[in-house]
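K.L.:
First the structure, then my questions, so here it is.
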Amino acid sequence: MDGKPATRRGPDFCSLRYGLALIMHFSNFTMITQRVSLSIAIIAMVNSTQQHGLSNASTEGPFAGAFNNSSISIKESDTKATVYQWSPETQGIIFSSINYGIILTLIPSGYLAGIFGAKQMLGAGLLISSLLTLFTPLAADFGVILVIVVRTVQGMAQGMAWTGQFTIWAKWAPPLERSKLTTIAGSGSAFGSFIILCVGGLISQVLGWPFIFYIFGSTGCICCLLWFTVIYDDPMQHPCISDREKEHIMSSLPQQPSSPRRAVPIKAMVTCLPLWAIFTGFFSHFWLCTIILTYLPTYISTLLHVNVRDSGVLSSLPFIAAASCTILGGQLADFLLSRNLLRLITVRKLFSSLGLLLPSVCAVALPFVASSYVITIILLILIPGTSNLCDSGFIINTLDIAPRYASFLMGISRGFGLIAGIVSSTATGFLISQDFESGWRNVFFLSAAVNMFGLVFYLTLGQTEIQDWAKERTSPTSEDIKLFQT
């Protein structure tokens, strides 16, 4: 896989595999809107007179300070939606509960998707998350404990849906189209963030905050119908695929294992340095991305003195840039491969470098251009946009080195990313609570340092060859740990 491809074939954008990518894009769009809905609705759900100052709220939880601004009042809305007396401490627990739920299911769901099929795992996760989104307003009336439980279970459901996607691409994505297909699917998260930040506040003001959950929960249920109708785990099983496309996919992929029940070579994985390079890349990537997602409205509204409504619109702009860069990066990566311009390892390291280095430069520059409104906004847009170039780098590298275990390893990789997000959110809250301006400068410098560490580690140890332990064996070794045996 490290050498130049011997043959190439132009992608057929009307093919079934690109239809699958669009449905997966819609699924990721749905899940991120359901995840962020509460962050938007909380402005109207909680009486603004109960909100504390920024310096206090920012240390209580990842999102507690992000939408905490006394300039917006529930009285601005003509709706009769219920208002709750939730302290910033309580809000922090509610916001973080979905992350803990995701962590609980990331690794086991990745493995189980390889056994029982990603279609069932992802579809069930999306359906459960959608139903719980619809149930959230009623849960809020029953009390904060039920809201925390609902968000935790919703996180577990989304953890099931996030990781199993790579099991599908291991069988559907030809090597020269992996970057395009996975980035089309993955860009749904960035596009969903853009939409929810743009329209979430408007929905809350016009219809009432419960309709944020009703609209995006219903959207998820519609997506489930498409998912269970169109998605199949294996192109050989799909009733609508053409013989031409089926032959193209099967001839371009390595021989697939005949049985989904397989041993997991845990010891070999733990000692695999290229795998650790991927994990380190995920940790670095999610460190800065989580800070931007969590604290961007606070940064814009406080340092640039922008009102909350305009802050929400401005906060959405980086995510449309991220969605665009994700898709364009995937197109460019596969173009370089299909034209035999660069080797696979070079493409992966090039896009990983761009995705970690460019946002670091922008982040370090931010404190020095704080007096310029335009330049600050441009840099804030560029950070998530350029960061998502990693989607054509180490993000999909597990498909290169271990396609048989791609979902399982993606679950572990996202676990590292979530840990980075929890640590970076906590560190950011602590730093900006000490002194806001100097605290942000330290936050950006620390983020750049973390990114540089991850970049150097990946450039040194990253590989694209299928690892020996990831190749199909006729019989398991004594080092294998067997799960779910019959």
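The values are calculated or read from the model by the stated rules, or taken from the named source; none is laboratory data. For clarity, every value in this text was computed on a predicted model and none was experimentally measured. Virtual Cβ from ideal backbone geometry, glycine too; neighbours counted across all protein chains shown. Protein only, heavy atoms only, side chains kept; ligands, DNA and RNA dropped before computing areas. Shrake-Rupley method; radii C 1.70, N 1.55, O 1.52, S 1.80 Å.
K.L.:
How many of the residues in region 232-251 are part of a helix (DSSP H, G or I) and out of contact with any Lys or Arg (no Cβ under 8 Å at 6 or more places or on another chain)?
P.N.:
Kept after step one, since they are part of a helix (DSSP H, G or I), are these residues of region 232-251: 235-237, 243-251.
Next, only the ones that are out of contact with any Lys or Arg (no Cβ under 8 Å at 6 or more places or on another chain) stay: 237, 243-244, 246-247, 250-251.
Residues meeting the conditions: 7.
K.L.:
State whether the residues of region 340-350 include one that is of a type outside the set (Lys, Arg), under 30 Å from PHE95 (Cα atoms) and open to solvent by 10 Å² or more (accessible area, probe 1.4 Å).
P.N.:
Initial filter on region 340-350 (of a type outside the set (Lys, Arg)): 340-342, 344-347, 350.
Then drop every residue that is not under 30 Å from PHE95 (Cα atoms), which leaves none.
No, region 340-350 contains no residue that is of a type outside the set (Lys, Arg), under 30 Å from PHE95 (Cα atoms) and open to solvent by 10 Å² or more (accessible area, probe 1.4 Å).
K.L.:
Another one. Any residue at all in region 380-387 that's in contact with a Gly (Cβ under 8 Å, 6 or more places away or on another chain) and either without any contact (Cβ under 8 Å) to a residue 12 or more places away in the chain or in a helix (DSSP H, G or I) (or both)?
P.N.:
Yes, region 380-387 contains a residue that is in contact with a Gly (Cβ under 8 Å, 6 or more places away or on another chain) and either without any contact (Cβ under 8 Å) to a residue 12 or more places away in the chain or in a helix (DSSP H, G or I) (or both).
K.L.:
Being crowded, with 18+ Cβ neighbours inside 10 Å and either touching a Leu at 6+ places or on another chain (Cβ under 8 Å) or without any contact (Cβ under 8 Å) to a residue 40 or more places away in the chain (or both) is the filter here; which residues of region 216-226 pass it?
P.N.:
Listed by number, the residues that qualify are GLY217, GLY220, CYS223, CYS224.
K.L.:
Out of all the residues in region 284-311, which are at pLDDT 70 or above and out of contact with any helix residue (DSSP H, G or I) (no Cβ under 8 Å at 6 or more places or on another chain)?
P.N.:
HIS305
K.L.:
A further question follows. Looking at CYS362, is it more than 15 Å from SER187 (Cα to Cα), touching a helix residue (DSSP H, G or I) at 6+ places or on another chain (Cβ under 8 Å) and not in a loop (DSSP other than H, G, I, E, B)?
P.N.:
Numbers: more than 15 Å from SER187 (Cα to Cα): yes; touching a helix residue (DSSP H, G or I) at 6+ places or on another chain (Cβ under 8 Å): yes; not in a loop (DSSP other than H, G, I, E, B): yes.
Criteria met by CYS362.
K.L.:
If you check every pair at least six apart or on different chains, which have Cβ atoms under 6 Å apart with a residue in region 241-267 that is closer than 13 Å to ILE115 by Cα first and a residue that is at pLDDT below 75 and loosely packed, with under 12 Cβ neighbours inside 10 Å second?
P.N.:
ALA263/LYS482; VAL264/ILE481
K.L.:
Filter region 319-339 down to the residues that are open to solvent by less than 30 Å² (accessible area, probe 1.4 Å), closer than 30 Å to TYR295 by Cβ and hydroxyl-bearing (Ser, Thr, Tyr) and list them by number.
P.N.:
THR326
K.L.:
Does THR229 meet the test of being in a helix (DSSP H, G or I), in contact (Cβ under 8 Å) with a residue 12 or more places away in the chain and among the hydroxyl-bearing types (Ser, Thr, Tyr)? Reasoning before the result, please.
P.N.:
Values: in a helix (DSSP H, G or I): yes; in contact (Cβ under 8 Å) with a residue 12 or more places away in the chain: no; among the hydroxyl-bearing types (Ser, Thr, Tyr): yes.
No; evaluated as a whole, the condition is false for this residue.
K.L.:
What residue, among those in region 411-470 that are touching a residue at least 24 places away in the same chain (Cβ under 8 Å) and charged (D, E, K, R), is most open to solvent (accessible area, probe 1.4 Å)?
P.N.:
Top of the filtered list is GLU437.
K.L.:
Go through region 121-152 and report how many residues are more than 19 Å from ILE215 (Cβ to Cβ), open to solvent by 60 Å² or more (accessible area, probe 1.4 Å) and under 20 Å from the mean Cα position of the chain (by Cα).
P.N.:
Residues in region 121-152 being more than 19 Å from ILE215 (Cβ to Cβ), open to solvent by 60 Å² or more (accessible area, probe 1.4 Å) and under 20 Å from the mean Cα position of the chain (by Cα): 0 in total.
K.L.:
Checking GLY125 against (1) more than 30 Å from VAL264 (Cβ to Cβ); (2) at pLDDT 90 or above, which single condition isn't satisfied?
P.N.:
If we test GLY125 against (1) more than 30 Å from VAL264 (Cβ to Cβ); (2) at pLDDT 90 or above, just (1) comes out false.
K.L.:
Which is at pLDDT below 90, not assigned by the TED database to the domain that holds ILE115 and not basic (Lys, Arg), of GLN256, GLN237? Break it down stepwise before answering.
P.N.:
Details: GLN237 fails: not assigned by the TED database to the domain that holds ILE115.
Result: GLN256 is the single residue among GLN256, GLN237 that is at pLDDT below 90, not assigned by the TED database to the domain that holds ILE115 and not basic (Lys, Arg).
K.L.:
Filter region 374-394 for residues that are under 18 Å from the mean Cα position of the chain (by Cα) and either open to solvent by 30 Å² or more (accessible area, probe 1.4 Å) or at pLDDT 90 or above (or both) and give the result.
P.N.:
Within region 374-394, the subset under 18 Å from the mean Cα position of the chain (by Cα) is 381-394.
Once the filter is applied, which keeps residues that are under 18 Å from the mean Cα position of the chain (by Cα) and either open to solvent by 30 Å² or more (accessible area, probe 1.4 Å) or at pLDDT 90 or above (or both), region 374-394 yields ILE381, LEU382, ILE383, THR386, SER387, ASN388, LEU389, CYS390, ASP391, SER392, GLY393, PHE394.
K.L.:
Among GLY454, GLY462, GLY439, which is at pLDDT below 90 and of a type outside the set (A, V, I, L, M)? Even if it seems obvious, please write down each step before you answer.
P.N.:
Working: GLY454 fails: at pLDDT below 90; GLY462 fails: at pLDDT below 90.
Checking each option against the conditions leaves just GLY439.
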